[in-house]
Amino acid sequence: MQETGTAAITTAGLTKFYGEHKGALDVNLDVREGEVFGLLGPNGAGKTTCIRMFLDFIRPTSGSATVLGFDSRADSVEIRKNTGYLPGEFVTYQSLTALNLLQYFANLRGGDLKLARTLAERFDLDLTRKIGELSRGNRQKVGLVQAFMSDPALLILDEPTTGLDPLLQQEFHNLVLEQVKTGKTLFISSHVLSEVEVICDRVGIIREGSLITVEEVAALRERALTRVDIEFGDAVLASDFAGVEGVVDVKVTDHRLTCTVTGSIDSLIKAASKHTVNKIQSAQPGLEEVFLEFYTDHGDQESPDVA
Amino acid sequence: MLRNVYLKTLRDSKKSILFYSIGSIAIGLYVTLFYPTIRDATGFAEFIEQLPETLKALIGDAETYTTAEGFLNAEMFSFMAPLVIGTFVIIAGMAAIAGEEESHTLDQLLANPITRQSIVLQKAAALLTGLLILVVAMWIGIVSGSKIAGFDLSITGTTQALVSLFALGAVLGLIALSVGAVTGRKGLAGGIAAAVGVVGFLLDTFLSVVELLDPARFISVFYYFNNNDVIINGINIAHFSTLVAIAVIAVVVAVWRFERRDVFN
């Protein structure tokens, strides 16, 4: 789909065990340059484990990760030079003011605070206060600012909008879109499905350390379920709709049809048009419902026709 | 002060360095200003002669004790100065790597393009800088105290004793840093370094009286620090080199293990 052939992140059989407990199991991932990739999974699924291996905080038990063309073990400094990182919970020096912290990190990176100040203004962040005195949301803002301030080629954001109010989440989404326009790659982990749906090109789903599937968001949306509720001018029969493409869960009560549609609702609309339609309602297709099946533990027979 | 890890670490401990320096000067002054009282006291030599062996191991014989250098050796260098310096360096060593790790700030520091080796070396350098400031403060306290009290004191001997004290501090502090870098555990780092200090002290003083334990004093850091009574006899190059070697090994192990292990979050 994407024109860009180079990969921003590639993993080969990436595996991490913490003693007996598995953190990540044989993860094979390809994040393309210039895309927004979402890694999705419940808490404890292995998202943070993968991210911390990309940045060399922890070392793979086996397998390898290549980030921006560099091996995560051998050339970690090169990777970190060009990567902005926001952890799941941004914890840092409590006694420093936000400005001091940003100054320190800018110094370690050999950069300045120009972009940081612009971002702080944009997120309405008071830089003079101590980190330890900031609310969770404001601390998260400092985390975002420090991740973006060096204008890195790759951004690795672990649960980035945790603690941000909806307005700031919107601002964050705008920021992500701007980054994409300038060719940045973003790797975002989340357990909030609606979040990745809005900003990601592709998502990978991870559960119990294993990457279950990677799909285009558009393709997933095609598979998304839509709940449709139609009120007709006359009485209809369930059998009129039972055979229509993509339609399941057909229920007819007198003038009224409720059903669930997978993918396009075109066939259903065409079938319905044979009758007088008084009212039609459809629930917004959310990825939640598509993903629900990945999350629910139904043995080993999952991964419905991976694209 | 936020230019690099070294300066940031010093910045974090500036209050601690300030208070310990004031304390170091005060102790230097206190011991030296107290000396004339002991020197001029009558019957003190007889009193010391009657002390049990274990206590004599601590303060030396009476003849030496009443000289300025002997007095400082017993009152300053056998216990008080190592205690002050040891406390400072062990706390600093615990905080260096394990402290950052336990307060969850290490991940974010490591997210910057900086090698783990560089972090360890800069942290070690900051610890040694703080230690140096304390030792210099102690020197100022002792030397000015002797001037105020108006007695002759060997400046060379005092300086050499403080150089040896610096080496002891480096060993204890860098062991704490090293254990923290290897394990990521602050409590363990402090515990092991303190044990090295306390056991070393006991082996070289009270326990050295126990004949069975006497050979064990060679594993004591205090033996290498001041068994030679540095302020009186000058620095023993072999002993001093041993301390330096231990300090270097501690740093090498810290770098080697810290580079190869997972960082806790």
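Using the structure shown, decide if B:THR9 is within 20 Å of B:SER144 (Cβ to Cβ) and either modelled with pLDDT under 95 or polar (S, T, N, Q) (or both).
no
Does the range A:18-27 contain any residue that is away from chain B (no Cβ under 14 Å) and open to solvent by less than 50 Å² (accessible area, probe 1.4 Å)?
Taking every residue of the range A:18-27 in turn, at least one turns out to be away from chain B (no Cβ under 14 Å) and open to solvent by less than 50 Å² (accessible area, probe 1.4 Å).
Contact list please: Cβ distance under 7 Å, first residue in the range B:243-265 and more than 12 Å from chain A (Cβ to nearest Cβ), second residue of a type in the set (S, T, N, Q), pairs at least six apart or on different chains.
Listed pairs, sorted by first residue: B:ALA250/B:SER178; B:VAL251/B:SER178; B:VAL253/B:SER178; B:ALA254/B:SER178; B:VAL255/B:GLN117.
When you go through (1) open to solvent by less than 30 Å² (accessible area, probe 1.4 Å); (2) farther than 19 Å from A:ILE79 by Cβ; (3) in a loop (DSSP other than H, G, I, E, B); (4) not hydrophobic (A, V, I, L, M, F, W, C) one by one for A:THR162, which number turns out not to apply?
A:THR162 satisfies every listed condition except (1).
Regarding the range A:34-45, can at least one residue be identified that is touching a His at 6+ places or on another chain (Cβ under 7 Å), more than 11 Å from chain B (Cβ to nearest Cβ), open to solvent by 40 Å² or more (accessible area, probe 1.4 Å) and under 20 Å from A:ARG139 (Cβ atoms)?
Yes, the range A:34-45 contains a residue that is touching a His at 6+ places or on another chain (Cβ under 7 Å), more than 11 Å from chain B (Cβ to nearest Cβ), open to solvent by 40 Å² or more (accessible area, probe 1.4 Å) and under 20 Å from A:ARG139 (Cβ atoms).
Which one of B:ILE175, B:ILE219, B:ILE192, B:ILE232 is within 20 Å of B:ASN73 (Cβ to Cβ) and among the hydrophobic types (A, V, I, L, M, F, W, C)?
None of the other options fit; the residue is B:ILE232.
Of all residues in the range A:111-147, which are of a type in the set (Val, Ile, Thr), open to solvent by 10 Å² or more (accessible area, probe 1.4 Å) and either in contact (Cβ under 8 Å) with a residue 24 or more places away in the chain or outside the structural domain of A:GLY163 (by TED's automatic domain parsing) (or both)?
Once the filter is applied, which keeps residues that are of a type in the set (Val, Ile, Thr), open to solvent by 10 Å² or more (accessible area, probe 1.4 Å) and either in contact (Cβ under 8 Å) with a residue 24 or more places away in the chain or outside the structural domain of A:GLY163 (by TED's automatic domain parsing) (or both), the range A:111-147 yields only A:THR128.
Do we have A:THR97 as out of contact with any helix residue (DSSP H, G or I) (no Cβ under 6 Å at 6 or more places or on another chain), hydroxyl-bearing (Ser, Thr, Tyr) and within 12 Å of chain B (Cβ to nearest Cβ) here?
Yes: the conditions hold for A:THR97.
Any residue that is farther than 17 Å from A:LEU40 by Cα, open to solvent by less than 60 Å² (accessible area, probe 1.4 Å) and either over 15 Å from the mean Cα position of the chain (by Cα) or not assigned by TED's automatic domain parsing to the domain that holds A:LYS279 (or both) - is there at least one of those in the range A:248-256?
yes
Every residue in the range A:84-94 that is at the interface with chain B (Cβ under 8 Å from one of its Cβ atoms) and touching a Leu at 6+ places or on another chain (Cβ under 8 Å), please.
Within the range A:84-94, A:TYR85, A:THR92, A:TYR93 meet the criteria.
Scan the range B:142-161 and report the pairs whose first residue is more than 22 Å from B:ILE235 (Cα to Cα) and whose second residue is surrounded by fewer than 16 Cβ atoms within 10 Å (Cβ to Cβ), with Cβ atoms within less than 7 Å and a gap of 6+ or a chain change.
From the range B:142-161, the pairs are B:GLY145/B:LEU33; B:ILE148/B:LEU33; B:ALA149/B:LEU33; B:ALA149/B:PRO36; B:PHE151/B:PRO36.
With (1) under 16 Å from B:PRO113 (Cα atoms); (2) within 7 Å of another protein chain (Cβ to nearest Cβ) as the list, and A:PHE70 as the residue in question, which single condition is left unmet?
Here A:PHE70 clears every test but (2).
Among the helices (runs of 4 or more DSSP H) lying completely within the range B:58-173, list those that include at least 2 residues that are surrounded by fewer than 18 Cβ atoms within 10 Å (Cβ to Cβ) and more than 20 Å from the chain's Cα centre (by Cα).
The helices (runs of 4 or more DSSP H) meeting that bar are B:62-65, B:116-149.
The values are calculated or read from the model by the stated rules, or taken from the named source; none is laboratory data. From a predicted model like this one, the values you see are computed outputs, not experimental measurements. Reconstructed Cβ throughout: ideal geometry from the backbone, glycine too, with neighbour counts over all protein chains shown. Remember, those area values only see protein heavy atoms, side chains included, never the ligands or the DNA or RNA. Shrake-Rupley method; radii C 1.70, N 1.55, O 1.52, S 1.80 Å.
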